[in-house]
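Written out below as structure tokens is the structure these notes cover.
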Amino acid sequence: MLKNILLILVLFIPHKKVFAEKLTISICANDVRKSINPDAVYETPSVDIVKAAFRKLKNKLDIEYTFDFKPMDRCVKDAEKGQIDAILDVSYTQERAKVVEYPPGSGDDEIAGPCSSVYKMTCSKYMVITNKNSKFEFKGDKEKLILPVRVARGYSLAKKIEDTYRDNAELSKNDLVNIKKLLRDNTGCVIANFGYIPGLAENQFRELLPKLKIHKIPYDARSNYLPFSKKTHISHEQKLMIWKELAKVMLDEKIVDQLWKKYSKLSYK
């Protein structure tokens with residue numbers, strides 16, 4: 001009898017509906033549209049990874065988001081001023097860490113080595129590229145590259161390249177421009193970002209591949225994150241939820257396959 005009464009009470013007591021937390025996030029991203037198609041709507045795998053993670057969080061965090069596309073140095077300045085909440089898919093640097101918060105286990109705390117962070121959004125490998133006929137072989141010594149050394153302006157390792165090679169460092173807007181310069185001048189090398197989807201980076205210069213040598217040893221490998229401005233309204237608990245979900249996306253083979261199919265069809269100029 002008592003059990004029946006308790007059951008009736010449970011059935012008729014109004015249940016409080018649980019709503020997901022509402023959250024608004026502004027994300028600044030490095031503007032590389034012209035490396036894909038100057039007339040195209042901005043699309044990169046990184047943007048899609050964020051969208052996929054936010055969809056999966058829908059029941060916990062109902063996120064409204066905007067992307068603001070600017071050169072990376074302006075993204076960092078905007079984060080410092082609190083004008084944006086996060087920066088899209090960037091590696092750790094001490095300079096950036098002054099104004100943005102990275103996930104636990106980033107930077108010097110990534111003690112197990114490059115790309116070992118459990119909270120990384122993606123892992124990028126930076127490869128050395130030379131002319132096909134070059135006799136140079138990169139064996140891991142970062143201070144013994146064939147000159148000039150070309151690197152994209154927005155990469156976190158660009159400053160290190162400049163400091164190391166000074167007048168022999170050439171910075172351009174993207175990898176494709178640098179590779180075209182390499183072939184035009186028939187000298188030097190390029191440090192190119194081979195991203196996190198196998199084979200996709202080569203797609204942007206696939207017609208030039210027969211003329212190139214991609215060296216086997218990476219120049220560098222880095223975890224990339226979605227760090228948050230230290231002035232953002234987003235709580236630490238909310239950041240952790242987002243970082244955890246972002247880390248899961250690239251482990252989903254179905255999503256990675258969808259990204260490959262989508263971006264392998266893009267035409268590059």
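Specify the residue that is farthest from LYS142 (Cα to Cα); the eligible residues are those in the range 214-261 that are hydroxyl-bearing (Ser, Thr, Tyr) and in a strand (DSSP E or B).
Taking the candidates together, the pick is SER229.
Output the qualifying pairs, or none if there are none: Cβ atoms under 9 angstrom, residues six or more apart or on different chains, first residue in the range 213-225 and surrounded by fewer than 21 Cβ atoms within 10 Å (Cβ to Cβ), second residue in a loop (DSSP other than H, G, I, E, B) and among the polar types (S, T, N, Q).
Final answer for the pair search is LYS213/ASN133; LYS213/SER134.
Kindly establish whether LYS173 is among the basic types (Lys, Arg), in contact (Cβ under 8 Å) with a residue 24 or more places away in the chain and closer than 30 Å to LYS81 by Cα.
yes
Name the single residue, out of those in the range 88-106 being of a type in the set (D, E, K, R) and assigned to a helix (DSSP H, G or I), that is surrounded by the fewest Cβ atoms within 10 Å (Cβ to Cβ).
Among those that are of a type in the set (D, E, K, R) and assigned to a helix (DSSP H, G or I), it is GLU95.
Would you confirm, using the coordinates I've provided, whether GLY82 is modelled with pLDDT of 95 or more and small (Gly, Ala, Ser)?
For GLY82, the condition - modelled with pLDDT of 95 or more and small (Gly, Ala, Ser) - is met.
Do you know which residues across the range 42-71 are of a type in the set (S, T, N, Q) and surrounded by fewer than 14 Cβ atoms within 10 Å (Cβ to Cβ)?
ASN59, THR66
Exactly one of (1) in contact with a helix residue (DSSP H, G or I) (Cβ under 9 Å, 6 or more places away or on another chain); (2) outside the structural domain of PRO148 (by TED's automatic domain parsing); (3) surrounded by 20 or more Cβ atoms within 10 Å (Cβ to Cβ) is unmet by LYS239. Its number?
The single condition LYS239 does not satisfy is (1).
Scan the range 167-211 for residues that are touching a Leu at 6+ places or on another chain (Cβ under 7 Å) and among the charged types (D, E, K, R) and jot them down.
Matches in the range 167-211: GLU202, LYS211.
I'd like the residue in the range 55-104 that is touching a residue at least 60 places away in the same chain (Cβ under 8 Å) and aromatic (Phe, Trp, Tyr) and, out of all such residues, is farthest from LYS231 (Cα to Cα).
Going through the qualifying residues, I end up with TYR92.
Can you name every residue in the range 74-87 that is assigned to a loop (DSSP other than H, G, I, E, B) and more than 20 Å from LEU246 (Cβ to Cβ)?
Of everything in the range 74-87, those that are assigned to a loop (DSSP other than H, G, I, E, B) and more than 20 Å from LEU246 (Cβ to Cβ) turn out to be GLY82, GLN83.
The values are calculated or read from the model by the stated rules, or taken from the named source; none is laboratory data. The shown structure was predicted, so the numbers you read here are calculated from the model rather than taken from an experiment. Cβ atoms come from the backbone with ideal geometry, glycine included; neighbour counts cover every protein chain shown.
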